[in-house]
Amino acid sequence: MDKYLFFTDGDTIDAAADMACYPLSSFLGFSVDASDAVSVAMKFVSAVTGPGATTEIDTVSLVITSAKHKKVIESITKAINAASFDDNSGLIVVCDALNSVFADSDITGCAITHDS
């Protein structure tokens, strides 16, 4: 059974970029966007593949407290390593802005960009 990374951007879930749930095996890594942002790169889940896709990588840009990149990345890594299947979910909530649930207290929101 795979673990899954879960994200919502805080809007009502009524469009493709409002929510994303990726298998952990799709995780590619973290990068810094700005002093208050960390991107999570994932293998795409969009319907467009091959020549029609631009990068075949989806990104989730996490809005964070300024200069807390390392702390946020450590918390997400700990959540991934601690997740178990005891509750039968394997779901790791990284940023559920809709319900104010975050893997770290310094995450305040996110924006989901699907490859197109």
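Per-residue ellipticity at 222 nm from helix content only, as computed over the chain with -39500 (n - 2.57) for each DSSP H run of at least four residues, stands at -4000 deg cm²/dmol. The fewest-to-most ranking of ILE13, ILE92 by surrounding Cβ atoms within 10 Å reads ILE13, ILE92.
The modelled label-to-label distance between SER31 and THR77, using points 7 Å beyond Cα along the C-beta direction, is 1.9 nm. Across q = 0.16, 0.17 Å⁻¹, the range 4-113 modelled as identical point scatterers on its alpha-carbon atoms has Debye log10 I(q)/I(0) values of -0.70, -0.79, in the order of the q list. Its Cα centre serving as origin, the chain has a Cβ charge dipole (Lys and Arg +1, Asp and Glu -1) of approximately 400 debye. Local charge sum around LYS71 (other residues, Cβ-Cβ under 11 Å, Lys/Arg +1, Asp/Glu -1)? Computed value for this residue: 0.
For the range 69-77, the Karplus equation 6.51 cos²θ - 1.76 cosθ + 1.60, evaluated at θ = phi - 60°, returns couplings of 4, 4, 4, 5, 4, 4, 5, 5, 4 Hz by residue, with Gly and Pro reported as x.
Unpaired Cys in the chain, meaning no second Cys C-beta under 4.7 Å: CYS21.
Under 5 Å from the amide H of SER39 lie the amide H atoms of SER31, VAL32, ASP33, LEU62, each residue being 5 or more positions distant or on a separate chain, with H modelled from the backbone and absent for Pro and chain starts. The relative contact order of the chain comes to 36 percent, based on Cα pairs under 8 Å that sit 6 or more residues apart.
When peptides 99-106, 56-63 are ranked by their average number of other Cβ atoms within 10 Å per residue, the highest-first order is 56-63, 99-106.
FYI, it's all coordinate maths here, none of it is from the lab. This structure is a prediction, so every number in the text was calculated from the model and none was measured. Glycine gets a Cβ as well: all are built from the backbone with ideal geometry, and neighbour counts include every protein chain shown.
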